[in-house]
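Reading through the structure tokens given below for one structure.
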Amino acid sequence: MFGNLAHTQLQELWWIVVSLVGSLFVFMTFVQGGQSLLGTIAKTDRQKSLVINSLGRKWELTYTTLVLFGGAFFAAFPKFYATSFGGAYWVWIAILFTFSLQAVSYEFRKKDGNLLGARVYETFLFINGAIGILLVGAAVGTFFTGSHFQVNAFNLSSWKHPLRGLEAALVPFNLAMGLLLVFLSRALGAMYLVNNIRHAKIEEKARSAAFRNFLYLVPFLLYILYSLLTMQGFALDPATGTISLEKGKYFVNLMAMPIVMLLLITGILLIAGAAVITGYTSKRLGIWLAGPGTVFTCLSIFFLAGFNNTAFYPSIFDLQSSLTIYNASSSHYTLTAMSYIALAVPFVLAYIAWVWKLMDAKKLDASEFDGETANDLY
Amino acid sequence: MLEQIDWSQVNWARAQFALTAMFHWIFVPLTLGLSFLLAFFESLYVKTGNESWKRITKFWMSLFAVNFTVGIATGLILEFEFGTNWANYSWMVGDIFGAPLAAEGIFAFFIEATFFAVMFFGWNRVSKGFHLFSTWMVAVGSNLSALWILVANGWMQYPVGMAFNPQTARFEMENFWEVLFSPTAIGKFTHATSSGFLLGGLFVVCVSSWFLLKKRHTDMAKKSMAVASVFGLLASIFVIFTGDEAAYTSARVQPMKLAAMEGLYKGETNAGLIMLGILDPSHMPGEDDDPFLFDIKLPGALTLLANRQLDTFVPGVDDLVYGNDAQGIMSTADKISQGRAAIKALTAFKQATNQDDAQAALNTFNRHKEFLGYGYLTSPEQAVPPVGLTFYSFHIMVMLGFLFPLIFLGVLFFLFKGTLENQTWFLRFAVLSLFLGYLAQETGWIVAEVGRQPWAIQGLLPVGVAISDLTTATVQLTFFMFLTLFTVLLIAGIRIMTRQIALGPEE
């Protein structure tokens with residue numbers, strides 16, 4: 001089946017798969033958004049506990065999606081894995097650090113003998129939610145603004161900026177992308193909590209936080225859209241494999257791929273609609289609109305970066321070192337084998353959805369603190 | 001390809017990876033074993049309806065959770081360190097190595113993440129049967145993830161199912177099934193997971209023995225120990241057999257590792273197995289003096305272990321470094337010169353301006369490509385791993401490996417006789433034995449990983465080439481950052497677990 005596809009078709013298929021996993025990860029960062037909102041939404045210990053326990057039942061899924069995103073990139077586009085992770089060292093190390101802190105914080109926070117105290121673990125959750133997500137956003141921004149690296153004839157890379165990736169945060173576009181992601185994750189987090197917890201005070205605060213954080217993200221979104229439509233991009237000449245700077249490249253991409261335009265517009269409208277519904281009605285379906293909205297918007301961003309003969313990981317140090325989905329990918333054989341493995345993904349998504357439907361049938365409320373369940377809480 | 005190798009950076013990157021892997025492996029084996037024990041305990045609860053089994057399950061589950069989260073935290077770092085610290089490796093073998101990592105995500109991690117939450121928070125949210133199913137799935141998911149990562153590791157020890165592509169200058173996969181079912185991969189999986197089962201059993205025995213010594217929760221302790229000891233005993237016997245298989249496979253595909261494990265410098269027919277020995281630290285490859293200051297050997301046993309028949313030859317370090325014509329072993333110096341010819345031809349191939357030159361360079365490359373990796377070694381002696389560390393680690397692991405079944409047998413014997421609570425000396429020893437369990441786990445990985453140095457991929461890619469383009473200072477800084485992080489997590493994790501143990505199960 002997949003073996004008959006041309007190498008370029010497999011490369012495109014895998015850009016879709018990686019983009020989908022990346023977009024699902026951004027949706028799942030509602031966990032990180034909720035973490036950074038903890039101080040805003042929860043005032044008492046019990047409220048805090050409800051919020052933490054609500055997020056705490058999902059954090060591993062987000063984490064696993066991030067791990068899979070890394071694994072899928074490694075398997076499908078190993079040159080990106082090598083160039084970016086080994087090059088933009090400090091950004092990735094910082095991201096890893098914040099996620100490692102998160103991994104233990106839920107479990108350790110309330111436990112006797114946890115060495116650092118609950119406050120410190122809550123701070124770790126905040127750092128992961130704010131700085132971790134900001135850096136992830138800045139890293140995605142470099143898909144459009146480029147990085148300082150060079151790849152030699154043997155495809156081995158060297159980084160040419162002394163800040164080793166942290167320089168990405170100095171570019172306004174990348175910073176805006178980071179802040180956009182932070183506010184988006186907070187809006188998503190608030191909508192998730194509205195849906196998942198039954199507690200009047202928390203709900204009131206979460207509804208207002210959802211709308212407010214949506215408002216905060218609007219200027220960054222507009223700035224990014226404006227930049228994308230006007231900035232120069234990194235065009236690939238498919239005949240020669242050379243990369244050149246092209247004016248309005250991403251605008252051209254948008255025009256050339258109407259489906260991407262549709263994804264982008266639908267995505268943004270869904271997020272905006274969700275924010276309004278959450279802020280101004282008593283409906284709890286915000287997360288179910290903003291979730292797909294986030295996935296659509298992110299997909300469109302990934303597609304703009306990688307499709308229509310564009311270098312998805314451009315080098316501004318040496319244009320010809322830029323990575324495209326064609327020169328950075330695994331072999332035909334590996335992409336074929338991986339495609340068969342990826343057939344399992346729909347089943348995985350199905351059992352996750354089914355299990356969570358079972359688990360979330362009863363929403364979290366104050367009754368959790370009574371009886372046997374009290375000992376099971378984070 | 002690489003003009004020069006900065007060995008101080010390489011060594012710090014090695015140290016950082018070793019640090020992460022060793023910390024990770026403090027938590028993972030317990031996850032592998034304890035997850036199955038949880039499934040057994042809960043199965044007994046569902047089958048008998050006896051609430052005490054539920055309390056037992058929940059008690060061990062709370063300890064499992066602490067351990068599990070630190071395992072996850074260190075695991076993420078490990079995955080990404082392949083990219084951050086071993087960038088050239090990521091490109092040169094990513095085509096093969098990335099696949100099992102992605103498969104691990106799809107097939108294993110989501111099972112763990114999804115059912116872990118049901119296992120912990122689903123007691124009153126899902127049916128008894130579905131809860132039990134979830135607990136089993138956590139055990140299956142954890143061990144499946146071990147399968148995929150050990151397939152990846154097995155491939156590094158014995159690269160199969162691939163070929164070098166001079167166009168892209170990397171190794172590319174040719175046969176997924178060969179990678180998945182490589183004998184080294186299967187050997188790694190069976191040995192590492194069964195050692196995890198063993199540790200799970202030992203952990204339960206250790207904590208329960210402490211309860212018995214303190215005369216607290218004695219009923220729970222004895223019930224837990226009965227299940228854990230049967231599981232641990234079976235696992236520990238399996239560990240011995242898979243360990244033997246691992247040594248046999250090493251002799252086939254990593255003879256240098258086996259030579260280092262045994263401190264065997266001069267190869268022998270009917271070589272003896274060192275039962276106890278102290279190496280002369282000043283002994284160098286190629287020297288004629290005895291490498292041992294003191295040793296007790298079991299005659300012929302190493303030959304049996306390595307080749308499974310007597311009167312056969314086991315090569316030593318010197319045979320592998322300097323060659324042995326009589327045994328048809330090529331010297332490392334010859335391999336180095338062939339490797340250098342391959343590198344030169346590859347460079348010529350890349351620089352060729354016309355078809356004919358390119359083809360000629362390719363032909364030369366193909367003649368020497370088998371030894372490509374050796375071309376990066378600066379001296380034949382560089383092909384020798386740290387013998388002392390490998391030797392002592394191997395012997396500590398093996399000695400402990402034979403001790404563990406005795407501990408489980410002891411528990412079962414005294415339980416059967418009904419006198420376990422009175423065996424103070426034995427219970428004290430059982431408490432301490434957990435540390436021996438961890439020692440065996442870590443020494444096992446030292447044998448596997450230090451014993452194959454200097455290779456990132458056995459025979460193909462030395463660590464010096466696999467590296468990222470970083471400075472020593474950068475890697476030093478992250479080494480100490482991770483050291484601090486891991487130490488804090490370890491201390492916090494142990495403190496939380498000991499408090500939970502002191503608190504005991506809900507009564």
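Read the figures in this text as sums done on the coordinates, not as results from a lab. Model, not experiment: these values are computed from the prediction. Glycine also receives a Cβ, built like all others from the backbone with ideal geometry; neighbour counts cover every protein chain displayed.
Could you please report the charge total around B:GLY286, scoring K, R as +1 and D, E as -1 over all other residues with beta-carbon less than 9 angstrom from its beta-carbon? Provide the component values of the computation, followed by the final result.
Values: positive: none; negative: B:GLU287, B:ASP288, B:ASP318, B:GLU381.
Residues near B:GLY286 contribute -4 overall.
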| query | Mind checking Rg over Rh on the range B:332-376, alpha carbons, Kirkwood formula for Rh? | reply | 1.03
| message | Students often check this: by mean Cβ neighbours within 10 Å, which of B:160-169, B:51-60 ranks highest, and how do the rest follow? | response | B:51-60, B:160-169
| message | Please give the Cα centre distance for the range B:350-414 versus the range B:144-163, rounded to the nearest Å. | response | 13 Å
| Using alpha-carbon pairs under 8 Å, 6+ residues apart, how would you state the relative contact order of the range B:332-376 in percent? | 60 percent
| Other chains' Cβ within 10 Å of A:337-345 residues: what's the mean? | 4
| task | Give me the net charge of A:SER105's neighbourhood, meaning all other residues with Cβ under 15 Å from the Cβ of A:SER105; Lys, Arg count +1, Asp, Glu -1. | result | +4
| Total charge dipole magnitude, the range B:247-289, about the Cα centre, Cβ charges on Lys, Arg, Asp, Glu only, Debye to nearest 20 | 340 debye
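Local charge sum around A:ALA72 (other residues, Cβ-Cβ under 15 Å, Lys/Arg +1, Asp/Glu -1)?
Numbers: positive: A:LYS79; negative: A:GLU12, B:GLU79, B:ASP95, B:GLU104.
Summing Lys/Arg as +1 and Asp/Glu as -1 gives -3.
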| Which aspartates and glutamates have a Cα less than 15 Å from the Cα of A:LYS247, not counting those fewer than 8 places away in the same chain? | A:ASP237
| message | Give me the inter-chain shielding for B:466-475: mean count of other chain Cβ atoms within 10 Å, whole number please. | response | 4
| task | Would you please classify the overall shape of the range B:265-327 from the alpha carbon gyration tensor, given that a ≥ b ≥ c denote the square roots of the eigenvalues, rounded means a/c under 1.5, and beyond that prolate means a/b larger than b/c while oblate covers the rest? | result | oblate
| task | Take the alpha-carbon centre of the range A:140-167, take the same for the range B:264-297, and report the distance between them in whole Å. | result | 49 Å
| field | Net dipole in debye of chain B [+1 Lys, Arg Cβ; -1 Asp, Glu Cβ; about Cα centre; nearest 20] | value | 2220 debye
| query | lysines within cross-link reach of B:LYS266: Cα-Cα under 30 Å, excluding same-chain residues under 8 positions apart? | reply | B:LYS188, B:LYS257, B:LYS297, B:LYS335, B:LYS369
| query | What lysines sit close enough to A:LYS201 to cross-link, taking a C-alpha to C-alpha distance under 23 Å and skipping anything fewer than 8 places away on the same chain? | reply | A:LYS43, A:LYS48, A:LYS58, A:LYS110, A:LYS283, A:LYS362, A:LYS363
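Only loop residues by DSSP count here, and only those with at most 14 other Cβ atoms within 10 Å; note down the trypsin sites (Lys or Arg not before Pro) in the range A:275-378 that meet that. Don't jump to the answer; show the numbers that get you there.
Values: sites: A:LYS283, A:ARG284, A:LYS357, A:LYS362, A:LYS363; in loops: A:LYS283, A:ARG284, A:LYS362, A:LYS363.
Those that pass, being in a loop and sparsely packed, are A:LYS283, A:LYS362, A:LYS363.
I want to verify the translational diffusion coefficient of the protein assembly as shown in µm²/s; compute it with Stokes-Einstein, Rh as the Kirkwood radius over Cα pairs, at 20 °C and 1.002 mPa s.
Numbers: Rh = 28.8 Å.
In µm²/s, the coefficient rounds to 74.
Cα gyration tensor of the range A:246-374, axes a ≥ b ≥ c as square roots of the eigenvalues: rounded (a/c below 1.5), prolate (a/b > b/c) or oblate? If you can, show how the numbers build up before the last one.
Values: a/c = 2.89, a/b = 1.64, b/c = 1.76.
Oblate is the answer for the range A:246-374, as a/c is 1.5 or above yet b/c matches or exceeds a/b.
From largest to smallest, what semi-axes in whole angstrom does the range B:287-371 give when each is the square root of 5 times an eigenvalue of its alpha carbon gyration tensor? Each step should come with its number before you reach the end.
Values: eigenvalues 351, 41, 16 Å².
Working from the Cα gyration tensor, I get semi-axes of 42, 14, 9 Å.
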| note | Checking A:ASN308, A:ASN174, A:ASN155 against a Gaussian network model of chain A (alpha-carbon springs below 10 Å), the top fluctuating residue turns out to be A:ASN155
| query | How would you order B:479-487, A:127-135 from highest to lowest mean count of nearby Cβ atoms within 10 Å? | reply | A:127-135, B:479-487
| query | For the range A:9-36 and the range B:468-486, what is the separation of their C-alpha centers, rounded to whole Å? | reply | 29 Å
| request: Report, as an integer, the average count of C-beta atoms from other chains found within 10 Å of each Cβ along A:84-95. | output: 6
| query | When you count, for each residue, the other Cβ atoms within 10 Å and take the mean per peptide, how do B:411-423, B:61-73 rank with the highest first? | reply | B:61-73, B:411-423
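Based on DSSP H runs of at least 4 residues, each adding -39500 (n - 2.57), what is the mean residue ellipticity at 222 nm of chain A after dividing by all its residues, to the nearest 500 deg cm²/dmol? Before the final figure, lay out each step's value.
Details: 14 runs with 241 residues, N = 378.
Counting only the DSSP helices, I get -21500 deg cm²/dmol.
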